[in-house]
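Inspection log for the structure reproduced underneath, given as structure tokens.
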Amino acid sequence: MDLPLHLLSATRLLELYASRAVSPVAAIEAALDAIERLNPKLNAYCLVDRNRAVAGALESEARWKRGTPMGPLDGVPVSIKDIVLVRGWPTLRGSKLVDPDQDWSQDAILVGHLRNAGAILIGKTTTPEFGWKGVTDSPLCGVTGNPWNPALTPGGSSGGAAVAAACGMGALHIGTDGGGSIRIPASFTGVVGFKPTFGIVPRHPPSPFGTVSTGGPITRSVADAALAMDVLAQPHALDWYGIPHEGLSFRKNLAGGVAGWRIAFSPTLSGARVDPEVARLVAEAVRVFAELGATVEQVPQVTDDSLAVFQSHWFAGAASLLRDVPPAQRRMLDPGLAKIAELGARLAVVDYLEAVRAREALGSKMMGFFRTYDLLLTPTMPIVAFPTGSDFPPQSDRGQWTDWTPFTYPFNLTRQPALSIPCGFTAAGLPVGLQIVGPMLSDDRVLRAAYAFEQARPFPLPDA
């Protein structure tokens, strides 16, 4: 092994389990030891269940010794964002408003899929309150730091999951993405974050933010993201939005390359301002796809500004989420969340329906765009990580977190698959992400392109 045990990929761990070179117990203990060592500084986890994880690892070890692994993730240490229900653990969502003393006997469907595949759930990762914003701090759990510099934010809202992935505090990490919440922290922390096509991964119970939000993996490698998707993307009878896709494998043609593909590159998407250093690193990354045999074309502005459309959906979701919270308790909320809920409550029904129509038009426009191109490349973020303690980068307009995330939320509106992969470092040593976007239901194509890039330009992990 050329890496410490806690930094090995899930794919590599499974190979070592099969050859009996490594025990699941050793892998789980290595992950838990990394959490014990690093979490006090970084605050990636809000709950860790060492006893249950070790007990599960012992059962996994016995299955591997018998040659009867339970499923494709047997013995792999996995974390779950504290937005997603996990049987036996409280799901407090970063909020003081959630009563921990209630029935916690339900798994979200995707968690059930992970259990059935043999995954060992080790804990829950931190999130801003109800996952509402693009940085990770909350009234309940405090501030999460970036592993490259703990004084900087890892992004959000799946910031704890991204930090855990970057530092080897588990091999696979499950986040949610309603406006960039997987891809923003993946870009800021230098890991792989994949938002699938909406409807591919069951989201039951559904998100209060509706059809802009889905679950997906955050990992240290593209192969691990594809492995996780093979487990997560299984239809379920209770998932009303589910898209039937029996037998789909995300790993089958992962190494097939991109030769002959036609790929668009949009440096600004809808006219966004991008930090010059970020723009340079992304442009250099885009050239790799031409070296790999694709035809790459830089395209002008791809979409109109959809910020107001997204905010109508997001603010209305916040208003619905908090509609029964009495005024006295609202004082316990993150002030920013309380503000957008108030704005959402004022949104007229006709204005919301107009936003729905605009979303439909945007989706149709992107479907037309992908009649010409196989993929679209953009920066994931126009900036790099900035100091904790603020919802906004320095010198920003300080309106909403969506003002500095112009490349992510449009693809929540359109339901398309989008992945962030690290593509370089700034002079200050901070990671930059490249976003790979595909048409609806082309999740395997997005992963395949990301894998080709990763093989051509491997990315280092932080010193953990």
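The values are calculated or read from the model by the stated rules, or taken from the named source; none is laboratory data. Because the structure is a prediction, the values reported are computed rather than measured. For neighbour counting, all protein chains shown are included, and Cβ atoms are generated from backbone atoms with ideal geometry for every residue, glycine included.
Quick look at the values:
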item	result
Criterion: more than 30 Å from S138 (Cβ to Cβ) and among the charged types (D, E, K, R) - qualifying residue of D2, D33	D2
Conditions (1) without any contact (Cβ under 8 Å) to a residue 12 or more places away in the chain; (2) basic (K, R); (3) in a loop (DSSP other than H, G, I, E, B): number failed by R93	(1)
Among residues of region 449-464, those that are small (G, A, S) and buried (at least 17 other Cβ atoms within 10 Å of the Cβ), counted	3
Options F386, F392: the member that is surrounded by 13 or more Cβ atoms within 10 Å (Cβ to Cβ), within 26 Å of G142 (Cβ to Cβ), of a type in the set (A, V, I, L, M, F, W, C) and in contact with a Ser or Thr (Cβ under 8 Å, 6 or more places away or on another chain)	F386
Qualifying positions in region 137-151 - crowded, with 20+ Cβ neighbours inside 10 Å and closer than 12 Å to F386 by Cα	G145, N146, W148
Failed item, numbered, when F130 is tested on (1) free of Cβ contacts under 8 Å to residues at least 60 places away in the same chain; (2) over 28 Å from V54 (Cα atoms); (3) not in a loop (DSSP other than H, G, I, E, B)	(1)
Residues of region 316-341 classified as surrounded by fewer than 16 Cβ atoms within 10 Å (Cβ to Cβ) and either touching a residue at least 60 places away in the same chain (Cβ under 8 Å) or under 30 Å from D443 (Cβ atoms) (or both), total	4
Complete set of residues in region 311-328 that are at pLDDT 95 or above and either in contact with a strand residue (DSSP E or B) (Cβ under 6 Å, 6 or more places away or on another chain) or among the small types (G, A, S) (or both)	S312, A316, G317, A318, A319, S320
Residue in region 342-354 that is surrounded by the most Cβ atoms within 10 Å (Cβ to Cβ), counting only those that are part of a helix (DSSP H, G or I) and among the aliphatic types (A, V, I, L, M)	L343
Residue under evaluation K124, criteria (1) touching an Asp or Glu at 6+ places or on another chain (Cβ under 9 Å); (2) among the basic types (K, R); (3) surrounded by fewer than 24 Cβ atoms within 10 Å (Cβ to Cβ); (4) touching a residue at least 40 places away in the same chain (Cβ under 8 Å), criterion not met	(3)
Residues being of a type outside the set (K, R), surrounded by 15 or more Cβ atoms within 10 Å (Cβ to Cβ) and over 24 Å from P24 (Cβ atoms) - total across region 83-103	9
Selection within region 249-269 - under 25 Å from A165 (Cβ atoms) and without any contact (Cβ under 8 Å) to a residue 60 or more places away in the chain	R251
Residue in region 241-248 that is in contact with a Lys or Arg (Cβ under 8 Å, 6 or more places away or on another chain), surrounded by fewer than 21 Cβ atoms within 10 Å (Cβ to Cβ) and either touching a residue at least 12 places away in the same chain (Cβ under 8 Å) or under 20 Å from D403 (Cα atoms) (or both) present	yes
Which listed residue is out of contact with any Asp or Glu (no Cβ under 9 Å at 6 or more places or on another chain) and in contact (Cβ under 8 Å) with a residue 40 or more places away in the chain, from L14, L58, L8	L8
